[in-house]
Amino acid sequence: MRILLLVLALFGPLERLDWAVQRRVQGGRSPALEAPMHAASDLGRPPVVLSVLLGFAAFGGPAGVATARLAILTLVPTNLVVEGIKRGVGRTRPDGERKRANSSFPSSHAANAIAIAAVFSSRWRRLGPVFWLAALVVAGSRIYLNRHFLSDVLVGAAIGWLFAWLAAGWMDRVAAARTARES
């Protein structure tokens with residue numbers, strides 16, 4: 001019971017921070033940023049992500065297939081966890097939308113963007129900063145477009161990173177076991 005009370009006590013300051021960031025960002029919106037932020041947000045949509053992965057698998061040779069496989073192994077559990085939490089928490093979005101199945105917490109766009117950045121940057125290390133920058137812009141666009149609070153984005157990002165790390169570790173163990181069997 002004490003742990004529950006402690007967790008609930010932490011939500012007050014976090015919620016105040018969420019609303020302070022939301023007010024600040026919404027107060028600073030600019031017509032010049034609307035189109036780029038919508039475009040960035042669209043990069044996180046499932047059809048776009050799946051099309052990119054299909055392209056890597058089809059045209060990237062064995063490394064492209066392996067990268068697409070790792071991305072799928074990362075994205076499936078990421079999205080299962082994010083969607084389960086969304087339905088369980090049911091947080092109203094900052095713009096007022098109250099659909100429990102599409103609630104604000106956590107951000108699936110942020111989770112997916114960070115997961116993909118982690119996978120792609122492990123494959124193409126030189127392009128890592130580009131992937132991470134793109135992921136941060138996608139995640140930030142969700143706050144800018146008033147669809148998520150800061151905490152939604154941070155928790156979503158943490159979930160995406162966690163499952164990218166877990167999937168990469170699992171793939172490394174499978175490859176090591178295969179190598180050991182073949183020797």
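Scanning segment 30-44 for residues that are closer than 18 Å to Val153 by Cα and touching a residue at least 12 places away in the same chain (Cβ under 8 Å) yields Met37, His38, Ala40, Ser41, Leu43, Gly44. On the stretch given as segment 121-156, residues that are surrounded by 24 or more Cβ atoms within 10 Å (Cβ to Cβ) and either in a helix (DSSP H, G or I) or of a type in the set (Asp, Glu) (or both) total 8. Residues that are assigned to a loop (DSSP other than H, G, I, E, B), surrounded by fewer than 15 Cβ atoms within 10 Å (Cβ to Cβ) and basic (Lys, Arg) within segment 57-116 comprise Arg98, Lys99, listed in sequence order.
A short reminder: the numbers here are calculations on the coordinates, not readings from a lab. Note that the structure is a prediction, hence the values are computed from the model and not measured. Cβ atoms come from the backbone with ideal geometry, glycine included; neighbour counts cover every protein chain shown.
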